[in-house]
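Student: Below is one structure. I have some questions about it.
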Amino acid sequence: MFKKPVIVFEGIEGSGKSFHINSVSNYLKRKKIDFIKIREPGGSINSEKIRRLILNNKSSFNKETDLFLYLAARSENLDLLKKYYKKKIILIDRFIDSTIAYQHYGFGVDLRLINFFNKKLLNKFKVDFTFLNTVGKKQMIQRLKRRKKLNRYDKFNYSFYKKVQTGFLRIAKKNSKNYKIINSDLDISYNKSLILERVEKLL
């Protein structure tokens, strides 16, 4: 379908998205296919600085400040993303749908505001395909307990994550042709094979 697609991995905490983006990254390395991989917030030097500020457990920003910090981190990444757009495969751990799911569906920030700034920042840069990793409450809690260190976004109550995941599913429903939902409660090897199979088709 796409020779140099932009592929995004979305999902709430503990959903396995980071495992799967690393799995795809390793697959591309074995195939000697050029790609770049970034995370949001993060990816570039300045975006990583903003990431540390956002996720710091001592930070206590209001919801609008949180939004603008995430957008600032994205802004710092876009020179890199646009440089390699359609020239290399681009893998992104969280992107614009995370902003909508967390800031709008989770915190209630005006969706029009989010869409306005995303449109301004992205311009002609578009995502080709998204893997949405979903996870049940039990699995999510177990996985977070196994983490050595929790950041600020790992510590909300489950009702918040439920709202965010519902938001992700609504986004996926609207964009069903370019989305694949991965049930992270299922066997991880099975999900890995599903994702790699779809990636092969995208290439």
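No lab work stands behind these numbers, since they all come straight from the coordinates. What you see is a predicted model; the values in this text were computed from it and never measured. A quick note on method: Cβ atoms are made from the backbone with ideal geometry, for glycine too, and the neighbour counts reach across all protein chains shown.
Student: What FRET efficiency comes out for the pair L80/R198, r = Cβ-Cβ distance, R0 = 22 Å, nearest 0.05?
Tutor: Values: r = 25 Å, r/R0 = 1.13.
Efficiency for this residue pair is about 0.30.
Student: Separate question: Considering Cα pairs under 8 angstrom that are at least six residues apart, work out the relative contact order of region 6-202 and quote it in whole percent.
Tutor: Working: 259 pairs, mean separation 66.0, N = 197.
The normalised contact order for region 6-202 reaches 34 percent.
Student: Which residue fluctuates the most in the chain, going by a Gaussian network model with Cα springs under 10 Å, if the choices are D66, D93, D34?
Tutor: D34
Student: Moving on. Over all alpha-carbon pairs of region 6-202, lay out the pair-distance distribution in 5 Å bins, whole %, shortest bin first.
Tutor: 1, 7, 15, 21, 22, 18, 11, 4, 0
Student: If I take R0 = 30 Å and measure r between the Cβ atoms of K148 and K3 in this structure, what FRET efficiency does the formula 1/(1 + (r/R0)^6) give, to the nearest 0.05? Before the final figure, lay out each step's value.
Tutor: Working: r = 39 Å, r/R0 = 1.31.
Taking R0 as 30 Å, the efficiency between K148 and K3 is 0.15.
Student: Expressed in nm to one decimal, what extension gain is obtained for the pair I188 and Y27 from 0.36 nm per residue of sequence separation less their Cα-Cα distance?
Tutor: Answer, rounded to one decimal: 56.4 nm.
Student: Return the aspartates and glutamates within reach of K180: Cα separation strictly under 16 angstrom, same-chain partners fewer than 8 residues apart disregarded; answer none if there are no such residues.
Tutor: In chain and number order, the partners are E10, D93, D97, D128, E197, E200.
Student: Also, quick follow-up: Under 16 Å from a point 7 Å along the Cα-to-Cβ line of N57: which residues of region 145-161 have their amide N that close?
Tutor: The answer is 145-157, whose backbone nitrogens lie closer than 16 Å to the label point.
Student: How much length would be gained if the chain were fully extended between N123 and F19, taking 0.36 nm per residue of separation minus their Cα-Cα distance, in nm to one decimal? Could you put the intermediate results ahead of the total?
Tutor: Values: separation 104, 0.36 × 104 = 37.44 nm, distance 2.96 nm.
Going from the current span to full extension adds 34.5 nm.
Student: Rounded to the nearest 0.05, what FRET efficiency do K180 and I45 have when you use their Cβ-Cβ distance and R0 = 35 Å? List each step's numbers first, then the result.
Tutor: On the way: r = 32 Å, r/R0 = 0.91.
For K180 and I45, the calculated efficiency is 0.65.
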